[in-house]
Amino acid sequence: MKFRLISVENGEELGSRGALDVVFPVLHGTYGEDGALQGLLEMANVPYVGCGVLGSALGMDKEKMKMVFQSVGLPIVDYLVYRRNEWERSPENILDTVEQRMGYPCFVKPVNLGSSVGVNKARNRAELEHAINVAAEYDRKIIIERGINCREAECGVLGNDEPIASVVGEIVSSNEFYDYRAKYIDGKSQTIIPANIPPTIAEEIRRQAVQAFLALDLSGLARVDFFIERETGQVYINEVNTLPGFTSISMYPKLWEASGLSYDQVLDRLIELAIERHADRQRNRTSL
Ligand SMILES: Nc1ncnc2c1ncn2[C@@H]1O[C@H](COP(=O)(O)OP(=O)(O)O)[C@@H](O)[C@H]1O
Ligand SMILES: [Mg+2]
């Protein structure tokens with residue numbers, strides 16, 4: 001099957017004048033970031049910036065992402081996943097298991113979402129029950145993680161098959177954790193670039209960021225987020241974001257600026273990478 005994307009302006013098809021060279025999906029969340037749009041662009045055979053279908057989908061699913069991290073030996077916090085129907089069938093059993101296996105505090109999240117939507121910290125059984133009910137409104141899978149007392153670090157990755165890592169930045173949240181309010185509403189969270197952490201930890205984070213990028217089969221760009229446990233200094237990988245915030249004040253471009261690449265240079269590089277990946281794919285034989 002073949003189809004083509006066309007450019008439309010005020011309802012009029014632009015014809016050859018509107019031919020698409022490269023698409024830059026500047027969308028977050030469902031359909032934009034989860035591989036759906038990427039699949040459409042693959043079928044239309046148009047070069048596009050950022051991760052492909054598989055990488056995008058893995059980047060959205062906190063359970064499968066963790067399974068891949070685990071398989072290559074990246075350190076992750078303990079977690080449990082439940083389906084919504086299991087929760088509805090046997091809530092008491094699930095609450096008991098979480099209490100035995102995770103204890104408090106723990107974090108409860110919808111598996112497929114982002115921006116801290118539906119994420120809650122539970123300190124006791126009543127909060128846990130409430131948090132699972134909230135997460136179950138957003139997704140059919142719910143993930144529960146051991147809560148750790150941590151600093152939060154982020155690292156930018158850029159490239160295709162030979163990705164490079166930026167310097168590491170730190171997020172200092174204005175709230176008890178980096179919830180929706182602290183991210184987007186109160187404007188009081190701070191970013192510190194480069195993070196004020198020991199060089200060995202920064203190097204470890206940069207190494208893990210590249211390892212995660214390759215393990216999840218990402219391309220173009222990703223921001224990889226980490227926890228550094230306060231008491232032990234232990235680094236845990238939390239998640240990747242395959243379409244990270246990209247305004248001039250967002251972490252991803254700021255990390256690259258501090259690494260010697262301007263905003264414009266990052267954009268140019270991303271477009272080059274999109275075209276390179278598209279060209280590489282054209283080399284694949286598609287018939288016997
Ligand atoms: N296991 C955890 N321990 C401590 N804090 C956590 C944990 N999981 C999440 N958080 C806090 O919640 C925030 C949002 O969780 P995260 O997994 O990053 O979801 P999202 O994809 O919505 O950004 C994190 O930035 C962090 O502040
Ligand atoms: Mg996050």
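When the solvent-accessible surface of protein heavy atoms is calculated with a 1.4 angstrom probe, in what order do 188, 66 fall, highest first?
188, 66
Counting each DSSP H run of 4 or more residues in the chain as -39500 (n - 2.57), what helix-only mean residue ellipticity at 222 nm follows after dividing by all residues, to the nearest 500 deg cm²/dmol?
Details: 9 runs with 102 residues, N = 288.
Helices in the chain give a 222 nm mean residue ellipticity of -11000 deg cm²/dmol.
List the lysines whose Cα sits under 20 Å from the Cα of residue 183, skipping any in the same chain fewer than 8 residues away.
Straight-line reach from residue 183, under 20 Å: 62, 109, 121, 254.
Can you compute the modelled spin-label distance between residue 45 and residue 196, with each label point 7 Å from Cα toward Cβ, in nm?
Placing both labels 7 Å along Cα→Cβ, they lie 5.5 nm apart.
Please give me the summed charge of the neighbours of residue 104: other residues whose Cβ is under 10 Å from its Cβ, Lys and Arg +1, Asp and Glu -1.
Local charge sum for residue 104: +2.
Just read off the accessible area of residue 217 with the full protein assembly in place, 1.4 Å probe, to the nearest 10 Å².
90 Å²
On a full-extension model of 0.36 nm per residue, what is the gain between residue 5 and residue 86, subtracting their alpha-carbon distance, rounded to one decimal in nm?
25.0 nm
Run the accessible area of the stretch 1-158 with a 1.4 Å probe and give the carbon-and-sulfur part as a rounded percent.
That share works out to 49 percent.
Order 263, 138 by their accessible area, 1.4 angstrom probe, all chains in place, largest first.
On the way: 263 70, 138 110 Å².
In descending accessible area the options line up as 138, 263.
Treating the beta-carbon of each Lys and Arg as +1 and of each Asp and Glu as -1, no other charges, what is the dipole magnitude of the stretch 1-100 about its Cα centre, to the nearest 20 debye?
The calculation lands at about 340 debye.
Which residues does a label at residue 26 reach in the stretch 238-261, if reach means a backbone N under 16 Å from a point 7 Å past the Cα toward the Cβ?
Under cut-off, by backbone N: 243-254.
Report, in cubic angstrom per residue, the convex hull volume of the C-alpha atoms of the stretch 101-141. Working shown, then result.
Details: hull volume 2.6 nm³, N = 41.
Per residue, the Cα convex hull of the stretch 101-141 comes to 62 Å³.
Please give the net charge around residue 182, taking every other residue with its beta carbon less than 10 angstrom from that of residue 182, where Lys and Arg add +1 and Asp and Glu add -1.
Taking every other residue near residue 182 into account, the sum is 0.
Based on the inverse mean of 1/r over its pairs of different Cα atoms, what is the Kirkwood hydrodynamic radius of the chain, in Å? Please list the in-between numbers first.
Numbers: mean 1/r = 0.0494 Å⁻¹.
Kirkwood hydrodynamic radius for the chain: 20.3 Å.
Just subtract the alpha-carbon distance of residue 96 and residue 123 from 0.36 nm times their residue separation and send over the number in nm, one decimal.
8.3 nm
Taking only Cα atoms, what is the 0 to 90° angle, nearest 10, from helix 199-215's long axis to the longest principal axis of the chain?
Value to nearest ten degrees: 60.
Compute the long axis of helix 62-71 from its Cα atoms, compare it with the longest principal axis of the Cα atoms of the chain, and write down the angle in degrees, 0 to 90, nearest 10.
Orientation of helix 62-71: about 90 degrees from the principal axis.
Compute the angle between helix 125-138 and the longest alpha-carbon principal axis of the chain, please, reported from 0 to 90 degrees and rounded to the nearest 10.
20 degrees
Could you sort 31, 236 by their accessible area in this structure, using a 1.4 Å probe and putting the largest first?
31, 236
Can you give the net charge of the other residues whose Cβ lies under 13 Å from the Cβ of residue 219, counting K and R as +1 and D and E as -1?
-4
The values are calculated or read from the model by the stated rules, or taken from the named source; none is laboratory data. Note that this is a predicted model, so its numbers are computed, not measured. Cβ coordinates were reconstructed from backbone atoms using ideal geometry, including for glycine residues, and neighbour counts include every protein chain displayed. Please note that ligands, DNA and RNA were not included when accessible areas were found on the heavy atoms of the full protein model with its side chains. Shrake-Rupley method; radii C 1.70, N 1.55, O 1.52, S 1.80 Å.
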